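Read the structure below first, then the notes.
The values are calculated or read from the model by the stated rules, or taken from the named source; none is laboratory data. Predicted, not measured: the structure shown is a model, and the values here were computed from it. As a convention, Cβ positions derive from the backbone with ideal geometry for all residues, glycine included, and neighbour counts pool all protein chains shown.
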Amino acid sequence: MTLNVQALARLIDLSAVRTECDEAEIRELAAIARRFGVVCVFALPCYTRLLKSLLGDAPNIGIGGVVGFPSGAHTTAIKIAEVRQQLADGATELDMVINVGLLRSGGHEAVSEDLRAVVEAAGGVPVKVILECHWLTPEQIHIGSKLCVEAGAAWVKTGTGWAPTGATPANLTIIRDAVGGRAGIKAAGGVRDLATLVAMYRLGVRRFGIGAASGIRILEACAAQPGGNVEVS
């Protein structure tokens with residue numbers, strides 16, 4: 001099986017979610033998203049309305065909103081308020097950070113309640129749950145993934161991009177085995193070249209959270225392949 005640039009772009013969520021991201025970078029993100037036709041774009045919450053204004057006439061490009069970002073330690077009430085605000089501002093997908101500290105502490109019931117409340121508040125809008133795998137043991141990644149599925153999350157995601165690592169073959173394999181096809185898998189935190197993306201696609205990943213510079217590099221690398229296609233299986 002091969003993917004061309006257009007098909008590859010439909011697997012990519014372009015993101016600008018670092019602390020220092022400014023309005024100029026968000027505008028550039030939107031322009032790059034429009035140029036390649038990526039599936040979704042994500043920025044920090046204060047920029048969701050701006051993204052909507054820039055891409056409102058491009059219905060093929062989703063507007064992403066982040067919830068509980070980047071620590072996941074917000075109270076459930078705050079996360080629900082964030083969901084409502086992000087939806088009001090135009091978000092069509094939500095990426096929520098799991099409560100990492102509670103998961104590490106073994107507070108599975110509290111984590112589950114938090115997840116369910118956010119999924120319910122989203123009202124059918126797809127919720128991707130970020131595990132922030134760098135700070136978790138393999139067992140915690142497995143348990144967290146199962147809690148996400150049980151709570152109704154549409155996707156399980158490796159990381160925010162703020163931790164030193166996130167999307168590794170080992171972490172992705174654990175998530176894949178835990179979700180068992182009941183949720184999609186999104187890799188973020190370390191996807192910076194085409195070879196890495198292809199390797200992760202072969203592990204079952206179907207969404208990739210990537211910064212603008214890496215996204216351009218990956219898509220242009222695909223275009224440079226013979227026939228403009230990359231072999232993924």
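Observations on the structure shown:
- Residues satisfying the criterion are absent from the stretch 93-100 (criterion: surrounded by fewer than 21 Cβ atoms within 10 Å (Cβ to Cβ), closer than 17 Å to Gly65 by Cβ and either without any contact (Cβ under 8 Å) to a residue 60 or more places away in the chain or aromatic (Phe, Trp, Tyr) (or both)).
- Those residues of the stretch 44-61 which are among the hydrophobic types (A, V, I, L, M, F, W, C) and under 20 Å from Arg206 (Cα atoms), in sequence order: Ile61
Residue by residue, here is whether (1) out of contact with any helix residue (DSSP H, G or I) (no Cβ under 6 Å at 6 or more places or on another chain); (2) over 20 Å from Lys79 (Cα atoms); (3) in a loop (DSSP other than H, G, I, E, B); (4) free of Cβ contacts under 8 Å to residues at least 60 places away in the same chain holds:
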site	(1), (2), (3), (4)
His142	no, yes, no, yes
Trp162	yes, no, yes, no
Ala167	yes, yes, yes, yes
Asn171	no, yes, no, yes
Gly181	yes, yes, yes, yes
Thr196	yes, yes, no, yes
Ala199	yes, yes, no, yes
Ala213	yes, yes, no, yes
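- Residue that is aliphatic (A, V, I, L, M), within 22 Å of Phe69 (Cα to Cα) and out of contact with any helix residue (DSSP H, G or I) (no Cβ under 9 Å at 6 or more places or on another chain), where the choices are Ala188, Ala110: Ala188
- Of all the criteria given as (1) in contact with a Gly (Cβ under 8 Å, 6 or more places away or on another chain); (2) at pLDDT below 95, the one not satisfied by Val119 is (2).
- Inside the stretch 184-233, residues that are of a type in the set (Phe, Trp, Tyr) and either at pLDDT below 95 or farther than 25 Å from Thr19 by Cβ (or both) make up a count of 1.
- Within the stretch 16-30, the set of residues being surrounded by 12 or more Cβ atoms within 10 Å (Cβ to Cβ) and either small (Gly, Ala, Ser) or on the phi > 0 side of the Ramachandran plot (or both) comprises Ala16, Ala30.
- Yes/no for Thr48 being of a type in the set (Ser, Thr, Tyr), over 13 Å from the mean Cα position of the chain (by Cα) and either crowded, with 21+ Cβ neighbours inside 10 Å or under 23 Å from His134 (Cβ atoms) (or both): yes
- Highlighted here are the strands (runs of 3 or more DSSP E) found entirely within the stretch 1-93 that include at least 1 residues which are closer than 30 Å to Leu103 by Cβ: 12-16, 40-43, 62-67.
- Evaluating Cys222 against the criteria (1) assigned to a helix (DSSP H, G or I); (2) out of contact with any helix residue (DSSP H, G or I) (no Cβ under 6 Å at 6 or more places or on another chain) leaves one unmet condition, (2).
- Condition met for Val41 (surrounded by 20 or more Cβ atoms within 10 Å (Cβ to Cβ) and under 21 Å from Cys133 (Cβ atoms)): no
- Answer residue from the stretch 177-191, given it is closer than 19 Å to Val127 by Cβ and not small (Gly, Ala, Ser) and is surrounded by the fewest Cβ atoms within 10 Å (Cβ to Cβ) among those: Arg182
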